[in-house]
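Enquirer: I have a structure here, written as structure tokens, and I will follow up with some questions on it.
The values are calculated or read from the model by the stated rules, or taken from the named source; none is laboratory data. It should be emphasised that the depicted structure is a prediction, and the values quoted were computed from it without experimental measurement. Please note: Cβ atoms are built from the backbone with ideal geometry, for glycine as well, and neighbour counts cover all protein chains shown.
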Amino acid sequence: MRIGLVIISCFIYFLSFAQENTLLYQIKGPKGESGYLFGTVHIIPDSLFYFPSKLVKTLSKADELVLEIGDINNQVKAQQLLVLEEGTCFDIFTPTQKDSVLNWGAELMHVKKDVFEKSFAKNKPFTLMQLSIQKMMLSPFKMVEMELMNYANVNKQTISGLETMEYQIGVFDHLPDSVMAEMIMDGIRHPEKADAMNVEMYQLYRSQDVEGLAKLINDSEEMAGATDALLSQRNNNWIPVMEAKMKDKVCFFAVGAGHLGGENGVIALLQAAGYKLIPIKY
């Protein structure tokens, strides 16, 4: 279920900020607070993975690594949270949509339709999104959060989160059924569009082009109707948590890059709260 957790952010990770191409910033507070902010990409092909020594060194300066959720490795908890209490995974779809989903899933998993339906019936609809990017897992890939956690463990740094696993998964639980169904169906109807978007997204991330990423996500049909819940509301929730953590320690905040930019992004919200964000080239 680790994949299930990080995929949440695959739909929400990119917006933009700054004139310089970087995803790493030093935070300086009005009362001497200090920290770092880094925009991650949760899953990326090995060939595009970029984790230079300067990033490692910057992380080592912090007392604590703060991710979106701190217990991302708690697979038992994740599995429990992705099980429906009532109904089935396919209740959000029309009969025609359900048939399309079953055909698609059965072909992808190389099983019969009834087997696929039975296997996923008690899972939340979000789990179907995992399947839409399954092809990404067929080639070598990296998870940036996992790399950060590995270094933090070596440094004996505390690892915590800005929100709970329950809240993050719950964001999808509270999306209207119509929005959730359309997000899933769009990936089924137009897999080539999703593939093209992934390619462009990785290229923009690799070049640290946050403005290009902003345009890409804002123009995305897949995110229509969900950006407020998946990005803006969570960004606003995080600011008081970040402020509290920086009162007595240096924190390295690492969140999906989509949370950084825009007028409701973490950078703008921190600046509005009196913090200075200094770009770091890495």
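Enquirer: Can you tell me which residue within segment 151-167, out of those that are of a type in the set (A, V, I, L, M) and within 17 Å of GLN75 (Cα to Cα), is surrounded by the fewest Cβ atoms within 10 Å (Cβ to Cβ)? Don't jump to the end; show me each part of the working.
Expert: Start the filter on segment 151-167 by keeping residues that are of a type in the set (A, V, I, L, M), which leaves 152, 154, 159, 162, 165.
Now narrow it down to the ones that are within 17 Å of GLN75 (Cα to Cα): 159, 165.
Working: ILE159: 17, MET165: 20.
If we take residues in segment 151-167 being of a type in the set (A, V, I, L, M) and within 17 Å of GLN75 (Cα to Cα), then ILE159 is surrounded by the fewest Cβ atoms within 10 Å (Cβ to Cβ).
Enquirer: Within segment 28-63, can you find the residues that are small (Gly, Ala, Ser) and assigned to a loop (DSSP other than H, G, I, E, B)? Even if it seems obvious, please write down each step before you answer.
Expert: Going through segment 28-63, the residues small (Gly, Ala, Ser) turn out to be 29, 32, 34-35, 39, 47, 53, 60, 62.
Passing the criteria: GLY29, GLY32, ALA62.
Enquirer: Same structure, new question: Would you pick out the residues in segment 28-68 that are under 20 Å from GLY274 (Cα atoms) and surrounded by fewer than 21 Cβ atoms within 10 Å (Cβ to Cβ)? Give the derivation first.
Expert: Here is the first cut: in segment 28-68, the ones under 20 Å from GLY274 (Cα atoms) are 28-38.
Across segment 28-68, the qualifying residues are LYS28, GLY29, PRO30, LYS31, GLY32, GLU33, SER34.
Enquirer: A follow-up question, please. Residue check, ILE27 against (1) at pLDDT 90 or above; (2) within 21 Å of the chain's Cα centre (by Cα); (3) not basic (Lys, Arg), all met but one. Which one?
Expert: (2)
Enquirer: Here is a follow-up. May I ask you to list the residues in segment 1-24 that are at pLDDT 85 or above and loosely packed, with under 15 Cβ neighbours inside 10 Å? Don't jump to the end; show me each part of the working.
Expert: So in segment 1-24, the residues at pLDDT 85 or above come out as 21-24.
ASN21 - this is the single residue of segment 1-24 that is at pLDDT 85 or above and loosely packed, with under 15 Cβ neighbours inside 10 Å.
Enquirer: Follow-up question, since we're still on this one. Here is a list of conditions, (1) within 30 Å of ASP248 (Cα to Cα); (2) of a type in the set (Lys, Arg); (3) touching a Leu at 6+ places or on another chain (Cβ under 8 Å), and LYS54 meets all of them except one; can you say which number that is?
Expert: (3) is the only condition that LYS54 fails.
Enquirer: Next question, about the same structure. Within segment 157-168, does at least one residue satisfy the condition of being over 19 Å from LEU260 (Cα atoms) and aliphatic (A, V, I, L, M)?
Expert: So far as segment 157-168 goes, yes, one or more of its residues are over 19 Å from LEU260 (Cα atoms) and aliphatic (A, V, I, L, M).
Enquirer: Hey, another quick one. Residues to consider are PHE93, PHE126; find the one that is surrounded by 15 or more Cβ atoms within 10 Å (Cβ to Cβ), of a type in the set (A, V, I, L, M, F, W, C), touching a residue at least 40 places away in the same chain (Cβ under 8 Å) and more than 30 Å from VAL255 (Cβ to Cβ). Break it down into steps so the answer makes sense when it comes.
Expert: On the way: PHE126 fails: more than 30 Å from VAL255 (Cβ to Cβ).
Result of the check over PHE93, PHE126: PHE93.
Enquirer: Being surrounded by fewer than 21 Cβ atoms within 10 Å (Cβ to Cβ) and in contact with a helix residue (DSSP H, G or I) (Cβ under 6 Å, 6 or more places away or on another chain) is the filter here, so list the residues in segment 230-272 that pass it.
Expert: Matches in segment 230-272: ILE239, ASN264, LEU269.
Enquirer: Show the residue pairs meeting these rules: Cβ distance below 6 Å; 6+ apart or different chains; first residue within segment 256-282 and in a loop (DSSP other than H, G, I, E, B); second residue charged (D, E, K, R).
Expert: Close Cβ pairs (under 6 Å, with a partner that is charged (D, E, K, R)) amount to TYR282/LYS54.
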